[in-house]
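The values are calculated or read from the model by the stated rules, or taken from the named source; none is laboratory data. These numbers were taken from a predicted model, which means no experiment stands behind them. Don't worry about glycine lacking a Cβ; one is built from the backbone with ideal geometry, like all the others, and counts go over all protein chains shown. SASA here: full protein model, heavy atoms, side chains in, ligands and nucleic acids out. Shrake-Rupley method; radii C 1.70, N 1.55, O 1.52, S 1.80 Å.
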Amino acid sequence: MSQNFVSPDQIRAWFSRAMSDMYKSEVPLYDTLLDLVAQVNAKTLAGQPELAAQLTRTGEIERLDIERHGAIRVGTAEELANMRRVFAVMGMQPVGYYDLSPAGVPVHSTAFRATHEAALQASPFRVFTSLLRLELIDDAALREKAARILAARQIFTARALELAARFEAEGGLDEAGAREFVGEALHTFRWHGEATVSLDDYRELHGQHRLIADVVAFKGPHINHLTPRTLDIDEAQAEMPRRGVSAKAVIEGPPPRKCPILLRQTSFKALEEAVSFTGADGRAAVGSHTARFGEIEQRGVALTRKGRALYDHLLDLARTRINGAPNEGNADAYMQNLQECFAAFPDSYSELHAQGLAYFRYYLTGKADAPADADPQALIEQGYIRFEPLVYEDFLPVSAAGIFQSNLGDKAQAEYAQNASQAAFEQALGAPVLDELALYQDTQNRSLAACLQALGAQTGAPVAA
Ligand code: OOG
Ligand code: NI
């Protein structure tokens, strides 16, 4: 019965493609962005042969053109739990926990993505998924109204859930089932020009927080952006205004470096879109809503716990110097600060490796006849094994908050108590989130073990642990 299952990696690749095509037709500016990124990437690869060689060795060059992340926001525990089931069909697991409440955004989030390096290579598609925290709304009547509205909607088609259940029961989907599933799942992420609420209700929700209106007033969690990966975000940022796209003032994340770390992101403002609201007398009222925007990102090496602590510390330092979050007024001063603060972060792969600040993958160099008794460090030094940076697959909470805010457009942010609640999030999700550091460590370990095994086979020595 199970011989003809399509691999979840294949389903994810189909879905990622279908999502990109849908978003292209919904938001034409996304196509402009893809075009811009493709040109910047081609130019960067031509101008930096060493980078091209590195990406070829790691295989990243093959996934670069299809690499995207999206973002959605759901309203209830049930929606989040079903989202987990639907993404599981595509081989995507919840990785990491992000608390956005300290930044004045009433959500907490995870990233659904593939976890094994081979699966990431097949399709690195990821979706930053946020759950609205109604409990952070102080107005009890509005909180109840929002909960009532959310309880009345079903964001998945019946068929999508049926196919997810079949996947769970039988362990997979055949090609017809998988293709049908992709089409059905896509409906959940579509933009709907008709709200499920009246204009008055919309305004009330919006008055509490624009994000609350975005989640509660619509039929489903429209994908709010789809982000391609660039190899030179400074170049992409400079190119955006030339193409009539106005980028946000600062690039989130670390400053420009020789060896990129983690993630740098920039976005442009949300579109104002016409929406028809329900009318008490059956007549629709026309209004508008800004939900969807564009984003570009550049990914660098994943950091270990130690590296991440240093990153968080230096970022904090740079932000403290300008008294908080950067804005249009202090963008230049902020970028300057950031450069200065991050001078303390080693900027060569050999230093990052030696100090245990980043994760790497190990590869054989092709040099034969390794000594049987050599340890990994000696095998590296003697040129049998080389290492390459392991790319960061996740997100950054401070950056995400900056992306949310620049697109929510709210000047005055609500103050929420700093109450991260991973346990509550996991209860809503119906599963624990995976620890991203453990995933990077596993990949690093597997690559080293494979090298040692291969060298051991050459020398006839026992396989090292
Ligand atoms: C998600 C914002 C976070 C990122 O890339 O950090 C994000 C949202 O606006 O829903 O996408
Ligand atoms: Ni994003």
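Counting only protein heavy atoms and using a 1.4 Å probe, the accessible area of H313 comes to about 100 Å². Note on the chain: dipole from Cβ charges, positive end direction compared against G177, V301, V197; the farthest Cα belongs to V197.
For K145, a cut-off of 14 angstrom between C-alpha atoms picks up these aspartates and glutamates, skipping any fewer than 8 places away in its own chain: E135, D200, D201, E204.
Listed by chain and number, the lysines placed with their C-alpha closer than 22 angstrom to that of K43 are K258; residues fewer than eight positions away on the same chain are left out. Of the solvent-accessible surface of the chain, computed with a 1.4 Å probe and all protein chains present, 51% belongs to carbon and sulfur. How large is log10 I(q)/I(0) at q = 0.13, 0.14 Å⁻¹ when the Debye formula is applied to the Cα atoms of the chain, each weighted equally and without solvent? Cα-only, vacuum Debye calculation for the chain: -1.29, -1.47.
With a Förster radius of 22 Å applied to the C-beta separation of D442 and A354, the computed FRET efficiency comes to 0.55. For the stretch 155-162, backbone phi angles converted through the Karplus equation (6.51, -1.76, 1.60; θ = phi - 60°) give residue-by-residue couplings of 8, 10, 6, 4, 5, 4, 5, 4 Hz, Gly and Pro being listed as x. For the chain, the 222 nm mean residue ellipticity estimated from helices alone, with every DSSP H stretch of n ≥ 4 adding -39500 (n - 2.57) and the total spread over all residues, rounds to -14500 deg cm²/dmol. For the chain, relative contact order (Cα pairs under 8 Å, six or more residues apart, normalised by length) works out to 19 percent. Distance between the pseudo-spin-label points of D174 and A331 (7 Å out from Cα toward the beta carbon): 5.5 nm.
Computed over protein heavy atoms with a 1.4 angstrom probe, the accessible surface ordering of L338, L317, largest first, is L317, L338.
A dipole drawn for the stretch 303-356 from +1 and -1 charges on Cβ atoms has a positive end, and of A343, P326, H353 the residue lying farthest that way is H353.
Accessible surface area normalised per residue over the chain is 41 Å², counting heavy atoms of protein chains with a 1.4 Å rolling probe. Would you mind getting me the FRET efficiency between Q54 and D281? Use the beta-carbon distance for r and R0 = 51 Å, nearest 0.05. Between Q54 and D281 the formula returns 0.20. Placing +1 on the Cβ of every Lys and Arg and -1 on the Cβ of every Asp and Glu, with nothing else charged, gives the chain a dipole about its Cα centre of roughly 280 debye. Projecting the Cα atoms of Q154, L271, A140 onto the dipole axis of the chain, where Lys and Arg carry +1 and Asp and Glu carry -1 at the beta carbon, places L271 farthest toward the positive end.
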